[in-house]
1. Within the range 57-65, identify whether any single residue is within 25 Å of residue 242 (Cα to Cα), out of contact with any strand residue (DSSP E or B) (no Cβ under 8 Å at 6 or more places or on another chain) and free of Cβ contacts under 8 Å to residues at least 60 places away in the same chain, and answer yes or no.
2. Only one residue in 123, 75 is in the same structural domain as residue 208 (by TED's automatic domain parsing) and more than 17 Å from the chain's Cα centre (by Cα). Which one?
3. So in the range 201-220, with the set limited to residues that are loosely packed, with under 15 Cβ neighbours inside 10 Å and closer than 23 Å to residue 244 by Cα, which one is nearest to the chain's Cα centre (by Cα)?
4. Quick one: residue 93 ticks every box in (1) over 29 Å from residue 132 (Cβ atoms); (2) under 20 Å from the mean Cα position of the chain (by Cα) except a single one, so which number is it?
5. Taking the criterion of being touching a strand residue (DSSP E or B) at 6+ places or on another chain (Cβ under 8 Å), assigned by TED's automatic domain parsing to the domain that holds residue 94, crowded, with 20+ Cβ neighbours inside 10 Å and under 19 Å from residue 69 (Cα atoms), would at least one residue in the range 166-177 satisfy it?
6. Where in the range 76-162 are there strands (runs of 3 or more DSSP E), lying wholly inside it, with at least 2 residues that are surrounded by fewer than 23 Cβ atoms within 10 Å (Cβ to Cβ) and either without any contact (Cβ under 8 Å) to a residue 12 or more places away in the chain or touching a strand residue (DSSP E or B) at 6+ places or on another chain (Cβ under 6 Å) (or both)?
7. So residue 282 clears everything in (1) surrounded by 15 or more Cβ atoms within 10 Å (Cβ to Cβ); (2) in a loop (DSSP other than H, G, I, E, B); (3) free of Cβ contacts under 8 Å to residues at least 60 places away in the same chain except one condition, right? Which one?
8. Look at the range 184-200 and say how many of its residues are surrounded by fewer than 21 Cβ atoms within 10 Å (Cβ to Cβ) and either assigned by TED's automatic domain parsing to the domain that holds residue 12 or touching a strand residue (DSSP E or B) at 6+ places or on another chain (Cβ under 8 Å) (or both).
């Protein structure tokens, strides 16, 4: 029998939510660093295109805040019926929540603009809980199913926050937790699809929020990926080195493959800008003078 984690690993690859670079060509990140994978958990909505369509819809409609959550729920319920990956993921997330949290203790489910909403809104509907949509300007809209609900405060109420991904937890610390606390509520739990294992769960624990994740970006995930034939040994080896030492492993790669950076500086505009940023920020202690003629 296929385990839930094996299914989730397969879905991450099927929807391009997890993309792994070739073993000899890591990705360029916007920070001017390089690495062997990208993670875009919201693509589990079914595909890159469908997820991007939702993001565009949110951007178009978010000035009508009070109507947006109901419109999103309607679209997502339709996709739930049409897309087998999204449907099975939502079903499994609901089961995961009920296995780990006493549903009777949850008064509200919250999600933050924008990617949290891919999962929080429909799961609140399936678990029959009111949903708190938190916007980036820290305003909120509360709905139950597709109906607006008035909310003066959250005194003595327990909130489960659902998100697509947690890295360091900066959005929680800066916005989501303070919004709930300022209304008198208690964000008691967090459930994410993917934990990048970069300190976010520890931050939540310090804030007295109990963290849960469907899966973590660790060696075991990529061991499963290798065993399922989703990546090859060369890719796996680069990922393991990166997980052990992100900066050191990529510095060694650049030292051993000097043409990689030279080629990036001669590539398309986006790649070139990221490669230049790498040198400007001195991300890997490289001798920038070696590349001066390429810039």
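The values are calculated or read from the model by the stated rules, or taken from the named source; none is laboratory data. Everything quoted here is computed from the prediction, not taken from an experiment. Counting neighbours? That spans all protein chains shown, and the Cβs are built from the backbone with ideal geometry, glycine included.
1. Among the residues of the range 57-65, not one is within 25 Å of residue 242 (Cα to Cα), out of contact with any strand residue (DSSP E or B) (no Cβ under 8 Å at 6 or more places or on another chain) and free of Cβ contacts under 8 Å to residues at least 60 places away in the same chain, which makes the answer no.
2. 75
3. 218
4. Condition not satisfied by residue 93: (1).
5. Yes, because at least one residue in the range 166-177 is touching a strand residue (DSSP E or B) at 6+ places or on another chain (Cβ under 8 Å), assigned by TED's automatic domain parsing to the domain that holds residue 94, crowded, with 20+ Cβ neighbours inside 10 Å and under 19 Å from residue 69 (Cα atoms).
6. 140-144
7. Of everything listed in (1) surrounded by 15 or more Cβ atoms within 10 Å (Cβ to Cβ); (2) in a loop (DSSP other than H, G, I, E, B); (3) free of Cβ contacts under 8 Å to residues at least 60 places away in the same chain, residue 282 misses just condition (1).
8. 4
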